[in-house]
Amino acid sequence: MKVKMLQSRFLKNSALLAVSGAMFGFTLNPALAEDPKFIEEYNDWSAYTYKAGGGNVCYVVSQPKDSEPKNVRRDKVFFLVQHRPKDKVKSEVTTIIGYKFKSGSMAKVEIDGNESVLFTNGDGAWAESGSADRKIVAAMKAGKSMVVTGISSRGTTTTDRYSLSGITAAMNKIDSICK
């Protein structure tokens, strides 16, 4: 059951992941969606919108302030929260970790001491449900910092530290655009 749910969330995220690639230097698939339109930067978080599948998609995105270990080669790393009103999706969290996760592993998100678990697939990780997404986003808005930990397919544990400065303002902006 969880695998099917994860696969469904992964497929719904594929258009956003392709568009996010344009921001961070990997290939954009133009058949999936239009290029993102930058809305505004809010301290350490940026807000974007684009159209895909006949509807608006809005998201906020940030990159880590620090990552460990330092000597590991990885693609770009980022964390995002998206709204897809046409699909009735609000506040879906995703991390793109910059490497392929170890098969069957989970990623951890810790916000000011409160931990949540994300399911992994390829180089992405998602919460199990919409209620888990909303819990993480509420903690992000109330928090100061966030740490994402994952294990690569080679067995390397990585830690990414994010600032949450600006997340509330960025989320408020996409809330108003993608109702």
Tell me the per residue accessible area of segment 41-124 using a 1.4 Å probe; a whole number in Å² is fine.
48 Å²
Going down the list LYS90/LYS179; LYS88/LYS179; LYS51/LYS76, which pairs span over 18 Å between their C-alpha atoms?
LYS51/LYS76
Quick check: the distance between the Cα centres of segment 58-101 and segment 108-179, to the nearest angstrom?
8 Å
Tensor-based shape of segment 99-160 (alpha-carbon gyration tensor, a/c under 1.5 rounded, otherwise prolate or oblate)
oblate
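Taking 0.36 nm per residue of separation and subtracting the Cα-Cα distance, what length does fully extending ASN56 through ASP112 add?
17.0 nm
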Which of rounded, prolate or oblate describes segment 30-77 when judged by the alpha-carbon gyration tensor and an a/c cut-off of 1.5?
oblate
Classify segment 57-129: rounded, prolate or oblate, from the alpha-carbon gyration tensor (a ≥ b ≥ c, eigenvalue square roots; a/c under 1.5 rounded; otherwise prolate if a/b is larger than b/c)?
prolate
How long is the gain from SER145 to LYS179 if the chain were fully straight, where each residue apart is worth 0.36 nm and the alpha carbon distance is subtracted?
9.6 nm
Spin-label point model (7 Å from Cα, Cβ direction): what's the ARG161 to GLU41 distance in nm?
2.1 nm
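Rounded to the nearest percent, how much of the accessible area of segment 110-179 (1.4 Å probe, protein heavy atoms only) is carbon and sulfur?
47 percent
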Efficiency by 1/(1 + (r/R0)^6): what FRET value for ARG134 and LYS65, r their Cβ-Cβ distance, R0 = 25 Å, to the nearest 0.05?
0.50
Amide H proximity to LYS102 below 5 Å, modelled H, separation 5+ or other chain, gives ILE151, SER152, SER153
Contour minus Cα-Cα distance for LYS88 and SER103 (0.36 nm per residue):
2.5 nm
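The values are calculated or read from the model by the stated rules, or taken from the named source; none is laboratory data. Keep in mind that this is a model prediction, so the values were computed, not measured. Reconstructed Cβ throughout: ideal geometry from the backbone, glycine too, with neighbour counts over all protein chains shown. To get the accessible areas, we keep the full protein, side chains included, count just its heavy atoms, and leave off ligands, DNA and RNA. Shrake-Rupley method; radii C 1.70, N 1.55, O 1.52, S 1.80 Å.
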